1. Of the residues M215, M175, only one is surrounded by 14 or more Cβ atoms within 10 Å (Cβ to Cβ), among the aliphatic types (A, V, I, L, M) and not in a loop (DSSP other than H, G, I, E, B); which?
2. Among the numbered criteria (1) more than 25 Å from L290 (Cα to Cα); (2) aliphatic (A, V, I, L, M); (3) surrounded by 20 or more Cβ atoms within 10 Å (Cβ to Cβ), which one does A201 miss?
3. Exactly one of (1) over 24 Å from the mean Cα position of the chain (by Cα); (2) closer than 14 Å to A189 by Cα is unmet by L303. Its number?
4. Residues in segment 8-30 that are aromatic (F, W, Y) and either in a loop (DSSP other than H, G, I, E, B) or within 23 Å of the chain's Cα centre (by Cα) (or both): how many?
5. Only residues that are among the aliphatic types (A, V, I, L, M) and under 20 Å from F52 (Cβ atoms): list them for segment 161-183, please.
6. For a quick check of your reading of the model, give me the residue pairs whose first member lies in segment 213-240 and is among the β-branched types (V, I, T), whose second is in a strand (DSSP E or B), with beta-carbon atoms closer than 6 Å and at least 6 apart or on different chains.
7. Residues in segment 321-338: is at least one in a loop (DSSP other than H, G, I, E, B), free of Cβ contacts under 8 Å to residues at least 60 places away in the same chain and over 20 Å from L192 (Cβ atoms)?
Amino acid sequence: MSTPALKTLFHPFESGALDLPEPHARVLFLGAKLGFRTPEGFTRELTAVQGFRPDFLALQREGLKVLPHGEGSDYTAALVLCGRHRGENELNVAEALERGSDGALILIAGSNDDGVASLAKRMGKLIALEGRSPKHHGLAFWFRAPADRLEIAAALRQANATTLVEGRFETSPGMFSYDRVDPGSRLLAEALPQNLSGKVADFCAGWGYLSAELMLRSPGISSIDLYEAEFSSLEAARRNVKSETVPARFFWHDLLAEPVEHHYDAIVMNPPFHQGRAAEPEIGQKLIALAAKALTRRGVLFLVANKGLPYEKALTASFEEYRQIAGDNAFKVFAARR
């Protein structure tokens, strides 16, 4: 089903404000989501880029050419679908400028709630905008890649440079808690026993904080596997989780749709509780059940959750026993044993 932002993105073509790309034009679509409908006659040479594994798989099932990160150069046009993260949107615009040819059409759109109007204002200070089209509670705007496009892209990247959290974790805008250690994850790390051993997994691993802490706190661990749905976060985790003694494996994985083929003595997890703006506690509830199936007999799940999320019933249904081992005014930490 097409979202309003997707309709906004393609509206300039449908309304005639923009001519369709030439039949064999190469078009890059950054932030692509399932549900878009290209106008009749739109080029078939479309390369979609989507790093969120569930959306990547959905696009792939539709037979689209989709990549987890941008590749190639000299694209005739680039489409950018904006999301909620200002820095990530600007980095996608930078990539569009880098991968497009001189004079390439750069078309950007998003919903009003995601700050697309302010993005247009910021971009208008760097590049002369060719047109704007408000539609479907959003805005599309566009320009042609200028001769100094690489310098503009470099400025956008500099404004959204890689962050070094606590002097040792590389992160980037758009990642969960990219500018600090998430307080829930920190509370969970501090509550973990230091005698963990055997094979361990980190579900929803993000940029690798919990795995890195496990390696420091529990030298008896024999291996650790990281599962993460965001490609860029997993790539950051590869850089952040290093040990000379504990091997780590990294899985770009949709835990809710793809099976876990290994079993573990312990699993740590700080699960997401929304994909849009509204809370979706059923995501965490499903992940609790999946974690139970991935544990060995008498294996243990260590879970942190926002205080108000109703996970106790799911823990009771999937585990022999559980108890709260830590908490504060915002979070609660559970240990659950099969």
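The values are calculated or read from the model by the stated rules, or taken from the named source; none is laboratory data. No experiment lies behind these values; they were computed from the predicted model shown. No Cβ is skipped: glycine too gets one built from the backbone with ideal geometry, and neighbour counts run over all protein chains shown. To get the accessible areas, we keep the full protein, side chains included, count just its heavy atoms, and leave off ligands, DNA and RNA. Shrake-Rupley method; radii C 1.70, N 1.55, O 1.52, S 1.80 Å.
1. M215
2. If we test A201 against (1) more than 25 Å from L290 (Cα to Cα); (2) aliphatic (A, V, I, L, M); (3) surrounded by 20 or more Cβ atoms within 10 Å (Cβ to Cβ), just (1) comes out false.
3. Single failed check for L303: (1).
4. Result for segment 8-30: 1.
5. M175
6. I221/V200; I224/V200; I224/A248
7. Within segment 321-338 (the criterion being in a loop (DSSP other than H, G, I, E, B), free of Cβ contacts under 8 Å to residues at least 60 places away in the same chain and over 20 Å from L192 (Cβ atoms)), the answer is yes, since at least one residue qualifies.
Residues checked against (1) small (G, A, S); (2) open to solvent by 40 Å² or more (accessible area, probe 1.4 Å); (3) over 13 Å from G208 (Cα atoms); (4) out of contact with any Ser or Thr (no Cβ under 6 Å at 6 or more places or on another chain):
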site	(1), (2), (3), (4)
E228	no, no, no, yes
E235	no, yes, no, yes
N240	no, no, no, yes
A248	yes, no, no, yes
H253	no, no, yes, yes
L256	no, yes, yes, yes
P259	no, yes, yes, yes
H262	no, yes, yes, yes
M269	no, no, no, yes
